[in-house]
Structure formats: structure tokens, C-alpha cells
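Written out below as C-alpha cells is the structure these notes cover.
The values are calculated or read from the model by the stated rules, or taken from the named source; none is laboratory data. Remember, it's a predicted structure, so these values are computed and weren't measured experimentally. Side chains are part of the model used for accessible areas, which takes the heavy atoms of the whole protein and leaves out ligands, DNA and RNA. Shrake-Rupley method; radii C 1.70, N 1.55, O 1.52, S 1.80 Å.
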Amino acid sequence: MDTQLSGLCSIFERQIKATKIEIENKENRLQRIDALIAQMSSNANPDTAAINGLKEEKTLIGIELENDRNSLAVMEEEFTMRC
């Protein structure tokens with residue numbers, strides 16, 4: 001493997017690792033949001049505006065998570081083909 005390809009493979013490895021960490025962090029964030037929504041919803045007077053805000057945040061994180069998963073799949077495929 002030449003030096004340039006070796007460097008490219010190293011970049012792919014680091015990017016794949018970073019993306020996996022991002023995915024894990026977003027999955028954990030979604031779990032925390034779900035727990036918070038459940039807790040807030042069980043209150044006698046639930047704050048619907050806050051709950052709706054959390055649901056919106058959850059939707060946005062879900063979209064980002066799906067994009068990250070798609071990017072990861074592409075990066076892993078590129079890594080497999082090139083390295």
C-alpha cells in the first residue's frame with residue numbers, strides 16, 4: 001500500500017470511528033429525551049410547550065441520526081473497497 005493510500009485509509013478509519021461515536025451519542029440523547037418526555041407527561045399539569053419542544057428536538061436528532069448512519073455505511077463501503 002503506498003503512502004498516499006495509507007494516509008487515506010487512516011483518515012477513513014478516524015472518520016468512521018468519530019461517526020460511530022456521534023451515532024452512539026445521538027442514540028443516548030434520544031433515550032434521555034424519551035425518558036424526560038415520559039416524566040414530564042406524567043405530571044399533574046404537564047408543560048405541553050416544553051414536551052412539544054422536546055418532541056421537535058427528538059425529530060431533528062432522529063433525522064441527523066439517519067444521515068449519520070447513511071454516511072457511515074458509505075464510509076465503511078469506501079474503506080472496504082479502497083483499503
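Here the gap between GLU78 and SER10, fully extended at 0.36 nm per residue and compared with their Cα-Cα distance, gives a gain of 23.2 nm.
Carbon-plus-sulfur fraction of the accessible area of the chain, 1.4 Å probe, in percent?
51
Tilt of helix 3-41 relative to the longest C-alpha principal axis of the chain, in degrees (0 to 90, nearest 10)? Once rounded, one gets 10 degrees. The angle between the Cα long axis of helix 48-82 and the main principal axis of the chain comes to about 10°, on a 0 to 90 degree scale. Cross-link reach is defined here as a Cα-Cα straight distance under 16 Å, omitting same-chain residues fewer than 8 places apart; for LYS17 the aspartates and glutamates meeting it are GLU27, ASP68, GLU76, GLU77, GLU78.
Note that the chain presents 72 Å² accessible area per residue, ligands and nucleic acids not counted, probe 1.4 Å.
Per residue and in cubic angstrom, what volume does the convex hull of the Cα atoms of the chain have? Write down the numbers at each step before the final one.
Numbers: hull volume 5.3 nm³, N = 83.
Considering the Cα atoms of the chain, their hull volume per residue is 64 Å³.
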